[in-house]
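**Q** Take a look at the following structure, please.
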Amino acid sequence: MPVHGKGVFALRRIEGGERLLEYKGEVTTWREAVRRHQRHGVDGHTFFFGLSNGYVIDGSRGGNSARWLNHACAANCEAVEDVGRVFIEAVRDIEAGDELFIGYQLAVDDPSDERVRQLYACWCGATSMLAAAG
């Protein structure tokens, strides 16, 4: 059972260091991504992946299964940016059937807004849960 939403699971044993998939979606500006998100309502799911060039990949538009990766404070995968593309790589060996996780590094504009904090709360269950990640 996934931690939150759909989740992504290993179909076979994965070796640490393996590149698993690319995070796909429409590349757009943060302004446009936030505008779309506000227009369609906040439901606790965001599919944005910020790029070092200031743009964002919007996985809700033309995205793939990578958008369903959940957050974990002790993630077994990491996101690696390579020339404007984002790849998910295993940071350690993962067994078949295990859920794949990344650390979201999610920033919330107003961390004192309890409603927003609950929407993006960490569900991983780690004792060192990050506030405002999820």
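Readers should treat all values here as calculations from the given coordinates under stated rules, not as data from a laboratory. Keep in mind it's a predicted model, so treat the numbers as computed, not measured. Here the Cβ is made from the backbone with ideal geometry for all residues, glycine too, and neighbour counts use every protein chain on show.
**Q** Could you calculate the contour length gain from Arg13 to Cys73, that is, 0.36 nm times the residue separation minus the distance between their Cα atoms, to one decimal place in nm?
**A** 19.4 nm
**Q** Right, something else. Just to confirm a number: summing +1 for Lys and Arg and -1 for Asp and Glu over residues other than Ser52 whose beta-carbon lies under 13 angstrom from that of Ser52, what do you get?
**A** Value of the local net charge: -1.
**Q** Next question, about the same structure. Rg to Rh ratio, region 27-89, alpha-carbon atoms and Kirkwood radius?
**A** With Rg and the Kirkwood Rh in hand, the quotient comes to 0.96.
**Q** Can you tell me the order of 59-70, 25-36 when each peptide is scored by its average per-residue count of other Cβ atoms within 10 angstrom, highest first?
**A** 59-70, 25-36
**Q** Okay, next question. Length gain on complete extension for the stretch Arg92 to Arg31, per 0.36 nm per residue less the alpha carbon to alpha carbon distance?
**A** Taking 0.36 nm per residue and subtracting the Cα distance, the gain is 18.4 nm.
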